[in-house]
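Only the coordinates and a few stated rules stand behind these numbers; no lab work does. Predicted model, so just to flag it, every value in this text is computed and none were measured.
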Amino acid sequence: TDRMTVVSAMSEYTAAIAYTEEERVVAYRLRYSVYIEEQKKQYPEADHQRRWLTDLLDVSSAIVIGKNSGEPCGTVRASFLDSEVVKRTYEEQLGLSRFARVEPKAIGICSRLAVLRSHRATPVSSVIFSELYRYGSERGTQICFVACASGLRSFFVQYGFREYLPPFS
């Protein structure tokens, strides 16, 4: 199955790609909970009636959902450059013309990481990234970027990412 599992001190953490619309809505609601309700960020695309956060990149991206004992607690999105909307969104921001020799489907961009506060010091992030790595490996991903707030740099360094460009505003 498409699922990563880690059992840790009486809790089971799993991660899987969200294939159905219902599974993707879980990710949109997790994002809303973390970014809008907890962190008080302003996103014009947020749907306050449905309490979810989604955008055009979600349509052509892989979304990973992390769960603790069956309850959703984290998510991350992987977008790939073979999608025109992904290319338009990130091409200039990430200087992707430098990688013209790499097949577009082999270039991924991770974004929209959201983990509920109560699960931030748990294995959920590792499980989510392990599932994302598995998925990317199956796709033949050669390069993966992460789009994140500069304050998360040290978090992503522990997963093997390195700073590529200065922060983008």
When all Cα-Cα pair distances of the chain are considered, the percent exceeding 24 Å is 34 percent
In degrees, nearest 10, the alpha-carbon axis of helix 124-139 is tilted away from the dominant principal axis of the alpha carbons of the chain by 40 degrees
The relative contact order of the chain, taking Cα pairs under 8 Å that sit 6 or more residues apart, comes to a percentage of 24 percent
Ranked by GNM mean-square fluctuation in the chain (Cα springs under 10 Å), the top entry among 118, 69, 83 is 118
Taking Cα atoms only, helix 21-31 is inclined relative to the longest principal axis of the chain by an angle, in degrees rounded to 10, of 90 degrees
Proximal lysine pairs in the chain, meaning Cα under 26 Å and 8 or more positions apart or interchain, come to 4
